[in-house]
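Just below is one structure, and these are the notes that go with it.
None of the figures in this text is laboratory data; all of them are computed from the coordinates on show. None of the values given here were measured: they were computed from a predicted structure. All Cβ positions, glycine included, derive from the backbone under ideal geometry; neighbour counts span all protein chains shown.
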Amino acid sequence: MGRTEPSSGLPPQSTRRDARAKHAKATLNKTIPDLLRAYPRARAGLAAAELITSLPDQQTTNNKTRRGSVSESPQEATEPEARAARFRLRLIVADSITAALDLSPPRRPHQHSSKPPSPNPGLLNMASPLRPGGGFLTGATGQEESLCLRTTLLPSLREPFYRLPERGAVRSPDVLVFRDGAGRDLSKADRRWVDVVSAGMLRFPDVEWRGREGGSKREGEGEMVYANEKDRELVRAKMEVVMGVFRMCRCRKVVLGAWGCGAYGNPVGEVARAWRKVLLGSVGGGRGKGKGKGQATKQQRRGPVWEGIEEVVFAITDQKMAEKFRKAFGEEELEYVQERGAEGDSGAGGGGDEEERPDDGPDDDAEMRAKIAEMGEQMEKATNPDLKARLQNLVDNLKRQM
């Protein structure tokens, strides 16, 4: 027997995007202004937003902090590598808003109008370096657009701050979270405060396929990596700026992600290892010779000491990407929580980054065309089927954006 009523599937993508754009404009023009009027603290946070292009020297600051502390033993003061690994590291398969809400305990309603006794959790906005909010007003569904739809972040991303500097970030304190990861309005008692750091990642870096050293020659055994060491160094520099701003904000708990691993084409393994290097001072595997599981040598641990940070959570919405990230970072270093997030369409928020990074302007469009042509040439020369498939996925993603 046939259907008695027509089937109802999802509306066309263009229709859904138009609906998201309409919702975004209503949020920016009505919802956020109403909230800013109701919350003096949110207004003060908006006024305090700033573009940061330089930070105090990390090691100098740490030395001063250690010398001025009476709670540390001499051994602690002379072994920063031991302190570097003290914060908790977690990886959660969820969107960044869900992760931030988990880190921020509920407060009584009256506390929303005054400064809380403990610092806000910090949240990395994996931002478009060209336009405030990325494609928020055109219906894009990346991580930044999700934040702009669920928080009072967007007004703090002022036009004069852009183009974002390569080694800089926007600090937005006391951002109010008024919707959850699924986009549902939070009650007044459930709303939270976060400090947001907005920074742009490399866009369309040159990458190449690298087989696994010492492994078998079977096809597909390897990964995409940066073709240029300077890109690897720049990524770590960007991450150090982000962590430095969080430290300046006195955040104890921060939410990070697979930064740039969506439409911008940064390899997941490279980004994971860069975060490990910045956070722990070591870049691979989590083992030092002669050490137990999860330990590294003093030489490996040498690096920035993020004084005051107690917990770092990586929020990645795509489970496959999360597993690749965890493997590259070091499985023994990360607590792994498998929990579906709700960012973006149908709860998929773009694999932890810019799934649908929007029309940033004519220059961006020309750059994408050039990158598509370059990847097409790489596919013609590639003999590895897995490499060809990865390149094709990137090309298809770029074409969808255009």
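Which of rounded, prolate or oblate describes segment 119-228 when judged by the alpha-carbon gyration tensor and an a/c cut-off of 1.5?
On the way: a/c = 2.60, a/b = 1.89, b/c = 1.37.
Taking the square roots of the gyration eigenvalues as a ≥ b ≥ c, segment 119-228 is prolate.
To make sure I understand, if each residue's beta carbon is the centre and we count other beta carbons within 10 Å, what order do Met243, Met126 fall in, fewest to most? Present the calculation step by step, with values, prior to reporting the outcome.
Details: Met243 25, Met126 28.
Ascending Cβ contact count within 10 Å gives the list Met243, Met126.
Would you mind ranking Trp306, Trp259 so that the residue whose beta carbon has the fewest other beta carbons within 10 Å leads the list? Kindly include the intermediate steps, with their values, before the conclusion.
Details: Trp306 24, Trp259 28.
Neighbour counts put them in this order, fewest first: Trp306, Trp259.
Pairs of Cα atoms under 8 Å, at least six residues apart: use those to get the relative contact order of segment 133-266, whole percent. Mind dumping the intermediate values first?
Details: 160 pairs, mean separation 28.5, N = 134.
It rounds to 21 percent for segment 133-266.
Quick one: length gained pulling Leu36 to Ala237 fully straight, 0.36 nm per residue minus the C-alpha distance? Write down the numbers at each step before the final one.
Details: separation 201, 0.36 × 201 = 72.36 nm, distance 3.41 nm.
Difference between extended and current length: 68.9 nm.
Using the basic label-point model (7 angstrom from Cα toward the beta carbon), what is the Arg184 to Glu50 distance in nanometres?
3.9 nm
How would you classify segment 220-273 from its alpha-carbon gyration tensor, with a ≥ b ≥ c the square roots of the eigenvalues: rounded for a/c under 1.5, else prolate if a/b is greater than b/c, otherwise oblate? Present the calculation step by step, with values, prior to reporting the outcome.
Numbers: a/c = 2.92, a/b = 1.96, b/c = 1.49.
Verdict is prolate for segment 220-273.
Sorting Ile97, Ile92, Ile372 on the 10 Å Cβ count, fewest up front, what's the list?
Ile372, Ile92, Ile97
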